[in-house]
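Below is one structure, written out as structure tokens, with a few remarks after it.
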Amino acid sequence: DNDAAAAALLPDVNARVSTHAPWIRQQICAYAKNPPSYLDCTKEEMKEPTSKRPKERPVDPLQHAASAIATVTLTIVHDMYASELSWSFTDNETGFVVAASKPYENEQEIVESITLLYQHPYTFHVQDSMGDGICCTNGRSGHYRLVDDATGTRLLDSKGDYGFERMEEEVIVTGESTIQ
């Protein structure tokens with residue numbers, strides 16, 4: 001039996017909701033604006049209890065979460081060999097890579113839109129497989145720039161003379177505008 005095999009591999013969750021059914025019913029009757037009729041809530045049960053009721057939130061949590069999201073633009077002008085280039089943004093708190101390069105064509109200017117969180121630390125890691133960075137060779141001077149789309153603030157602005165790699169630690173989108 002497949003269910004028995006799966007059950008042997010997965011942890012069990014045991015709960016006895018039926019033992020808490022009266023309390024659940026009481027909470028629904030007390031707090032719901034229109035409790036379901038099958039609960040047969042009395043007028044007395046539908047009166048607001050004297051205990052603390054959760055306060056209404058003035059701000060929609062989804063709107064609050066959306067306001068914490070920043071969009072930044074990474075622009076890389078390379079040294080004619082974009083295929084040697086790779087980059088990534090890593091969340092400093094979790095270690096997860098939240099954005100990374102893809103294979104690029106050699107003649108292509110690189111412009112990437114990246115979603116990060118405001119007031120959250122990231123590390124930008126850029127690498128060049130040939131060890132010459134993206135600067136000053138083959139007749140083209142390369143650089144990279146990271147800009148907060150909302151404010152126009154330059155978060156990173158660097159020449160490409162980094163050899164094999166460069167780590168920009170503590171990249172934080174503040175949402176504050178600065179004159180550059």
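The values are calculated or read from the model by the stated rules, or taken from the named source; none is laboratory data. Computed from a predicted model, the values in this text were never measured in an experiment. All Cβ positions, glycine included, derive from the backbone under ideal geometry; neighbour counts span all protein chains shown.
So which pairs qualify, if the first residue must be in segment 69-87 and more than 20 Å from Glu169 (Cβ to Cβ) and without any contact (Cβ under 8 Å) to a residue 12 or more places away in the chain, the second must be polar (S, T, N, Q) and buried (at least 17 other Cβ atoms within 10 Å of the Cβ), the Cβ gap must be under 7 Å, and the two must be at least 6 apart or on different chains?
none
Is it true that some residue in segment 107-115 is surrounded by 16 or more Cβ atoms within 10 Å (Cβ to Cβ) and among the polar types (S, T, N, Q)?
The answer is no; no qualifying residue exists.
Which residues, taken from segment 164-179, are modelled with pLDDT under 80 and either surrounded by 13 or more Cβ atoms within 10 Å (Cβ to Cβ) or part of a strand (DSSP E or B) (or both)? Give the derivation first.
Pass one, segment 164-179, residues modelled with pLDDT under 80: 175-179.
Hit for segment 164-179 is Gly175, nothing else.
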